[in-house]
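The block underneath contains the structure these notes are about, expressed in structure tokens.
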Amino acid sequence: RKAVTLHRIREMHAQGEPIAMVTCYDASFAKVMDAAGVDCLLVGDSLGMVVQGQTSTLPVTLEETAYHIRCVARGNKNAWLIGDLPFGSYQQSPAQALESAVALMQAGAQMVKLEGGGWTNETIRFLTQRGIPVCAHLGLTPQSVHALGGYRVQGRNDEAAATLKQHACEVAEAGAAMLVLELLPSSVANDVTQSLPIPVIGIGAGKGCSGQVLVMHDMLGITQGKLPRFVRNFMDGAPSIEAALRQYVSDVKARRFPDDAIHGY
Ligand code: KIV
Ligand code: NA
């Protein structure tokens with residue numbers, strides 16, 4: 001297949017073709033995901049939890065993220081590669097964010113993702129003006145887990161939903177080329193998606209988004225214990241990991257996943 005570019009992502013969004021994203025942390029999985037037709041690979045700071053065995057994303061460092069981006073970039077040929085700016089690597093100032101984003105872009109990322117609304121507008125504009133594509137991340141933002149009081153569904157009441165929508169409009173206005181929405185009522189995420197000119201990628205945010213993302217270890221049935229409701233194990237009935245990933249891509253593209261009755265809030 002041809003390389004997935006920002007131009008291609010915008011085309012998919014304009015044509016109403018859902019975008020399939022999965023997190024990825026190494027070259028071998030990158031190769032399989034690329035072959036399975038996954039549009040976007042996210043080197044998420046979830047690596048703190050699923051790769052490093054930590055209890056949150058907070059301990060992940062910029063250098064660790066850059067290392068995993070280098071690994072993924074070597075295995076990937078055609079998928080769009082997004083790297084998470086880790087906790088503490090962008091909050092201080094736009095200048096700090098630029099320095100951190102440069103490290104991730106030089107490692108092979110094509111876009112950087114950062115968490116938060118309102119205060120991030122200036123940083124998003126700063127990076128975008130300097131040629132760095134930015135993905136914003138709103139709703140449940142795991143780097144703020146302690147401030148939020150746990151991994152809880154966000155935007156549950158009218159006021160919270162209105163603030164979220166305001167922040168979403170602002171990140172798009174500031175130049176973000178993509179937005180991840182995590183753990184929101186499907187109706188709220190759908191309303192935001194309809195209101196924005198940029199693709200919105202959901203995780204636990206319902207089927208109305210412009211695309212979906214899942215953590216690799218969750219969707220391949222590797223994660224032990226109680227999983228959040230929005231996860232589906234695509235290894236169920238799949239003969240191989242590549243087949244499971246292909247199933248995920250085709251279910252996202254056909255809007256068969258997620259099913260709001262099962263996976264939604
Ligand atoms: O780090 C991560 O895996 C993420 C996704 C859940 C969106 O940010
Ligand atoms: Na993340």
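Taken together, the values in this text are just the output of simple stated rules run on the coordinates, not laboratory data. This one's a predicted model, so the numbers in the text were calculated from it and none came from an experiment. Please note: Cβ atoms are built from the backbone with ideal geometry, for glycine as well, and neighbour counts cover all protein chains shown.
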(request) Sort segment 1-156 into rounded, prolate or oblate with this rule: let a ≥ b ≥ c be the square roots of the eigenvalues of the Cα gyration tensor; rounded if a/c is under 1.5, and if a/c is not under 1.5, prolate when a/b is larger than b/c, oblate otherwise. (result) rounded
(request) Would you mind giving the average projected area, over all directions, of the Cα convex hull of segment 105-241 in nm² with one decimal? (result) 9.7
(request) Tell me the trypsin sites (Lys or Arg not before Pro) within segment 110-166 that lie in a loop according to DSSP and have at most 12 other beta-carbon atoms within 10 Å. (result) 130, 152
(request) Would you calculate a helix-derived [θ] at 222 nm for the chain, using -39,500 (n - 2.57) for each DSSP H run of n ≥ 4 and dividing by the full residue count, to the nearest 500? (result) -12000 deg cm²/dmol
(message) Could you check the spin-label model distance between residue 129 and residue 156? Points 7 Å from the Cα along Cα→Cβ, value in nm.
(response) 4.0
(message) So if each residue of separation counts as 0.36 nm, and I subtract the Cα-Cα distance between residue 122 and residue 67, what length gain in nm does that give?
(response) 17.1 nm
(request) Answer with one residue from 222, 46, 237: the one whose Cα lies farthest towards the positive end of the charge dipole of the chain, charges on Cβ with Lys, Arg +1 and Asp, Glu -1. (result) 237
(request) In debye, nearest 20, what is the charge dipole magnitude of segment 6-263 about its Cα centre with +1 on Lys and Arg Cβ and -1 on Asp and Glu Cβ, if you could check? (result) 400
(request) Please turn the phi angles of segment 227-239 into ³J(HN,Hα) values with the Karplus equation 6.51 cos²θ - 1.76 cosθ + 1.60 (θ = phi - 60°), one per residue in order, whole Hz, x for glycine and proline. (result) 9, x, 4, 6, 7, 10, 7, 6, 6, 4, x, 8, x
(request) Using label points projected 7 Å from each Cα along Cα→Cβ, tell me how many nm separate residue 54 and residue 95, to one decimal. (result) 2.6
(message) Going Cα to Cα from residue 77, which lysines come in below 20 Å? Please leave out same-chain ones fewer than 8 positions away.
(response) 2, 31
(request) Determine, from the Cβ-Cβ distance of residue 260 and residue 148 and an R0 of 22 Å, the FRET efficiency 1/(1 + (r/R0)^6), rounded to the nearest 0.05. (result) 0.40
(message) Test of understanding: what is the full-extension gain from residue 102 to residue 15, defined as 0.36 nm times their sequence separation minus their Cα-Cα distance?
(response) 28.2 nm
(message) Please check: in the Gaussian network model of the chain (C-alpha springs, under 10 Å), which one of 65, 120, 163 has the largest mean-square fluctuation.
(response) 163
(message) Using a Cα-Cα cut-off of under 28 Å, which lysines could be cross-linked to residue 226, ignoring same-chain neighbours fewer than 8 residues away?
(response) 113, 207, 253
(request) Would you mind getting me the FRET efficiency between residue 5 and residue 74? Use the beta-carbon distance for r and R0 = 22 Å, nearest 0.05. (result) 0.70
(request) Please identify every one of the trypsin sites (Lys or Arg not before Pro) in segment 5-103 that sits in a loop by DSSP and has no more than 15 other beta carbons within 10 Å of its own beta carbon. (result) 77
(request) Using only the alpha-carbon atoms of the chain, report the extent along each of the three principal axes, biggest first, to the nearest angstrom. (result) 47, 41, 38
(message) Taking every pair of distinct Cα atoms and averaging 1/r, then inverting, what Kirkwood hydrodynamic radius in Å comes out for segment 195-265?
(response) 12.6
(request) Quick one: compute the contact order of segment 6-263, relative version, from alpha carbon pairs under 8 angstrom and 6+ residues apart, as a percent. (result) 19
